[in-house]
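Working notes, structure below.
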Amino acid sequence: MAYWLFKSEPDVFGWDDLVAKGDRGEEWDGVRNYQARNNMRAMKKGDLGLFYHSNQGKEAVGICEVSAEIHPDSTTDDPRWECVDVKAVKPLPRFVSLEQAKAEPRLKDMALVKNTRLSVQPVSDEEWAVVMELAGL
């Protein structure tokens, strides 16, 4: 299993919106960055991700799961853009902020800390374990 981080603006599509979608989940559509798209191409069904609220809050708030592997993004006719589907698994007992991640020496190499603008990022096994510890899991 691999781990990922999915960033979304909570006023556009937040954690509660994903939870409301239930087991059917939602396309992670609208990504127009090649690196983020390529990260989604590497995802497998069952991989887990951190659901991260960007702009407002700037914190990981939940765990989601890749429920469908890469397929065409339904929001465009451009074949370059693809997406995966994700569904909510559970909220984090304690949200983990960007400030906490930056202050944690064990996360100094995490993509979130080094490249805060990338919307879909890989998370290493070690980074996942640290974030789960900070979240109270």
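Taking segment 83-112 as the range and being in contact with a Lys or Arg (Cβ under 9 Å, 6 or more places away or on another chain), surrounded by fewer than 19 Cβ atoms within 10 Å (Cβ to Cβ) and either closer than 19 Å to Glu26 by Cβ or of a type in the set (Asp, Glu) (or both) as the test, the residues that pass are Lys87, Glu99. Of the residues screened, Asp23 is not one that is acidic (Asp, Glu), assigned to a loop (DSSP other than H, G, I, E, B) and over 17 Å from Phe6 (Cα atoms). Tallying residues that are aliphatic (A, V, I, L, M) and open to solvent by 10 Å² or more (accessible area, probe 1.4 Å) within segment 35-62 yields 2. Answer yes or no as to whether Phe51 is modelled with pLDDT of 95 or more, touching a helix residue (DSSP H, G or I) at 6+ places or on another chain (Cβ under 7 Å), within 26 Å of Leu134 (Cβ to Cβ) and aromatic (Phe, Trp, Tyr). For Phe51, the condition - modelled with pLDDT of 95 or more, touching a helix residue (DSSP H, G or I) at 6+ places or on another chain (Cβ under 7 Å), within 26 Å of Leu134 (Cβ to Cβ) and aromatic (Phe, Trp, Tyr) - is met. Restricting attention to segment 11-26, the residues that are buried (at least 19 other Cβ atoms within 10 Å of the Cβ) and free of Cβ contacts under 8 Å to residues at least 60 places away in the same chain total 0.
Among the residues of segment 100-116 satisfying the criterion of being out of contact with any helix residue (DSSP H, G or I) (no Cβ under 6 Å at 6 or more places or on another chain) and more than 13 Å from Val130 (Cα to Cα), which is modelled with the highest pLDDT? Among them, the one singled out is Ala111. Condition (residue is free of Cβ contacts under 8 Å to residues at least 40 places away in the same chain, within 18 Å of Pro10 (Cα to Cα) and either of a type in the set (A, V, I, L, M) or surrounded by fewer than 21 Cβ atoms within 10 Å (Cβ to Cβ) (or both)) applied to segment 70-79: is it met by at least one residue? No: segment 70-79 contains no residue that is free of Cβ contacts under 8 Å to residues at least 40 places away in the same chain, within 18 Å of Pro10 (Cα to Cα) and either of a type in the set (A, V, I, L, M) or surrounded by fewer than 21 Cβ atoms within 10 Å (Cβ to Cβ) (or both). Residues that are without any contact (Cβ under 8 Å) to a residue 24 or more places away in the chain, among the basic types (Lys, Arg) and over 17 Å from Ser8 (Cβ atoms) within segment 98-121 comprise Lys102, Lys108, Lys114, listed in sequence order. Segment 28-137 holds strands (runs of 3 or more DSSP E) entirely within its bounds, and those carrying 2 or more residues that are among the aromatic types (Phe, Trp, Tyr) and at negative phi map to 48-53.
The values are calculated or read from the model by the stated rules, or taken from the named source; none is laboratory data. Model, not experiment: these values are computed from the prediction. Ideal geometry is used to build each Cβ from the backbone, glycine not excepted, and the neighbour counts take in all protein chains shown. Accessible surface is based on the protein model in full, side chains and every heavy atom, while ligands, DNA and RNA are left aside. Shrake-Rupley method; radii C 1.70, N 1.55, O 1.52, S 1.80 Å.
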